[in-house]
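Read the structure below first, then the notes.
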Amino acid sequence: MEIKLSSPLDMHLHLREGDMLKTVVPLTADTFAGAVIMPNLVPPVDNLERLRAYRAEILEGVGGHAFEPFMTLFLKNYTEEQLLAAREEIIGIKLYPAGITTNSSGGVASLEAAEQTLALMEKLGIRLMVHGETNAFVMDREADFLPVYERWAQKFPKLQIVMEHITTASAVALLDRYENLHATVTLQHLLITLDDVAGGLLNPHLFCKPIAKRPEDREALAAAALQAHPKLSFGSDSAPHPISKKECCGCAAGVFTAPIALQVLAGFFEEHGKLDNLQTFVSDNAHRIYGVTPPTKTVTLEKTPFTIPAKYGEVVPMWAGREIAWSVKSVA
Ligand code: DOR
Ligand code: ZN
């Protein structure tokens with residue numbers, strides 16, 4: 001059995017810089033036609049000069065692959081002039097509440113104070129992408145943030161808002177209530193719950209933020225993805241950390257899925273009899289929602305077993321060592 005995917009897109013990706021970037025960029029660019037690049041570097045990508053240099057570094061790492069990086073800025077208080085200058089070079093601006101996740105200490109300390117920038121973004125037609133968590137109890141952080149999405153969706157009706165990496169059934173339900181709300185969902189949140197992270201022996205390679213939630217949440221996310229809900233795009237949130245930062249006390253948050261994402265998705269959609277919806281979920285929805293035109297790329301996946309490598313460089317992928325049913329046959 002085979003499936004051909006046309007120009008798959010990853011609408012939420014971490015690439016880092018330097019040697020790590022050199023290791024991981026080709027692993028995405030091999031099979032994806034484009035990806036939304038997160039700006040949580042140290043220091044963050046919060047000005048055009050840094051954004052252009054980062055884009056150049058990514059393109060150098062991409063080598064011969066046809067691949068378009070869709071750049072994002074890290075949200076701070078920007079002036080209208082700064083936003084106008086950046087508008088054509090970005091797909092959106094990413095808001096991190098201060099300190100909520102990896103490299104977010106320079107994020108937004110006051111959500112109210114951020115609204116002046118959101119109003120400018122609405123006026124200029126610049127998309128807002130959000131890490132939607134508060135500092136509530138860890139399992140409740142996303143649910144606690146949902147009223148903020150509702151407030152902004154109402155207060156800024158022309159602002160396109162992407163709820164990044166949603167993990168709860170309540171977030172899925174919100175999609176149908178506000179025209180200007182969209183979302184991304186990761187690979188791991190379609191497949192795992194908190195039980196897989198911490199229910200048995202602790203698995204640091206499945207630890208990410210937002211943390212994986214309850215079975216009923218996973219089911220709601222899976223149902224939305226499998227039907228290729230028109231307001232949902234695939235965003236892996238593939239977030240590489242070296243093994244020394246994962247297998248230690250004080251494990252960094254992030255699951256590395258870039259090189260296995262399409263193969264695992266194919267298995268997941270096939271198991272549920274929804275392989276016909278995979279193209280819409282990993283490509284068509286994002287093309288339409290974000291209005292992007294990445295290079296054309298055809299990925300052929302086949303139902304031939306593939307054992308996930310133990311490591312890619314210094315990074316351990318999700319499900320390292322596991323045999324999965326689908327593999328990449330060719331990319332053209
Ligand atoms: O698990 C995560 N890792 N969640 C994030 O929000 C950031 C990411 C990273 O940059 O490692
Ligand atoms: Zn992320």
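The values are calculated or read from the model by the stated rules, or taken from the named source; none is laboratory data. Please read these numbers as outputs of a predicted model, since none were measured by experiment. Because the Cβ atoms are built from the backbone with ideal geometry, glycine has one as well, and the counts that use them run over all protein chains shown. The area values use the complete protein model at the heavy-atom level, side chains included, leaving out ligands, DNA and RNA. Shrake-Rupley method; radii C 1.70, N 1.55, O 1.52, S 1.80 Å.
Name the residues in the range 318-330 that are in a strand (DSSP E or B), among the aliphatic types (A, V, I, L, M) and surrounded by fewer than 18 Cβ atoms within 10 Å (Cβ to Cβ), would you? Break it down into steps so the answer makes sense when it comes.
Kept after step one, since they are in a strand (DSSP E or B), are these residues of the range 318-330: 323-324, 327-330.
Next, only the ones that are among the aliphatic types (A, V, I, L, M) stay: 324, 328.
Within the range 318-330, 324 is the sole residue that qualifies.
Could you tell me how many of the residues in the range 1-20 are within 15 Å of ligand 2 (Cβ to nearest atom) and either hydroxyl-bearing (Ser, Thr, Tyr) or open to solvent by less than 10 Å² (accessible area, probe 1.4 Å) (or both)?
5
Would you mention how many residues in the range 1-60 are within 18 Å of residue 235 (Cβ to Cβ), touching a strand residue (DSSP E or B) at 6+ places or on another chain (Cβ under 7 Å) and among the hydroxyl-bearing types (Ser, Thr, Tyr)?
Number satisfying all stated conditions: 2.
From (1) touching an Asp or Glu at 6+ places or on another chain (Cβ under 9 Å); (2) closer than 16 Å to residue 297 by Cβ; (3) among the basic types (Lys, Arg), pick out the condition that doesn't hold for residue 76.
If we test residue 76 against (1) touching an Asp or Glu at 6+ places or on another chain (Cβ under 9 Å); (2) closer than 16 Å to residue 297 by Cβ; (3) among the basic types (Lys, Arg), just (2) comes out false.
Is it true that some residue in the range 16-27 is in contact with a Gly (Cβ under 7 Å, 6 or more places away or on another chain) and in contact (Cβ under 8 Å) with a residue 60 or more places away in the chain?
Let us first name the residues in the range 16-27 that are in contact with a Gly (Cβ under 7 Å, 6 or more places away or on another chain), namely 21-23, 25-26.
Retained after the next criterion (residues that are in contact (Cβ under 8 Å) with a residue 60 or more places away in the chain): 23.
Taking every residue of the range 16-27 in turn, at least one turns out to be in contact with a Gly (Cβ under 7 Å, 6 or more places away or on another chain) and in contact (Cβ under 8 Å) with a residue 60 or more places away in the chain.
Where in the range 243-317 are the helices (runs of 4 or more DSSP H), entirely inside, with at least 2 residues that are under 17 Å from the mean Cα position of the chain (by Cα)?
Of the helices (runs of 4 or more DSSP H) lying wholly inside the range 243-317, those with at least 2 residues that are under 17 Å from the mean Cα position of the chain (by Cα) span 261-271, 285-290.
Hey, can you tell me all the residues within the range 54-70 that are in a helix (DSSP H, G or I), open to solvent by less than 60 Å² (accessible area, probe 1.4 Å) and not aromatic (Phe, Trp, Tyr)? It would help to see each step written out before you state the result.
The first filter runs over the range 54-70 and keeps only residues in a helix (DSSP H, G or I), leaving 54-62.
After this cut, where a residue has to be open to solvent by less than 60 Å² (accessible area, probe 1.4 Å) as well, the list is 54, 56-58, 61-62.
Hits for the range 54-70 are 56, 57, 58, 61, 62.
Run down 51, 73, 27 and say which single residue is open to solvent by less than 20 Å² (accessible area, probe 1.4 Å), modelled with pLDDT of 95 or more and touching a Ser or Thr at 6+ places or on another chain (Cβ under 9 Å). Don't jump to the end; show me each part of the working.
Details: 73 fails: touching a Ser or Thr at 6+ places or on another chain (Cβ under 9 Å); 27 fails: open to solvent by less than 20 Å² (accessible area, probe 1.4 Å).
When all the criteria are applied, what remains is 51.
Residue check, residue 40 against (1) in a loop (DSSP other than H, G, I, E, B); (2) open to solvent by 50 Å² or more (accessible area, probe 1.4 Å); (3) not β-branched (Val, Ile, Thr), all met but one. Which one?
Unmet for residue 40, out of (1) in a loop (DSSP other than H, G, I, E, B); (2) open to solvent by 50 Å² or more (accessible area, probe 1.4 Å); (3) not β-branched (Val, Ile, Thr): (2).
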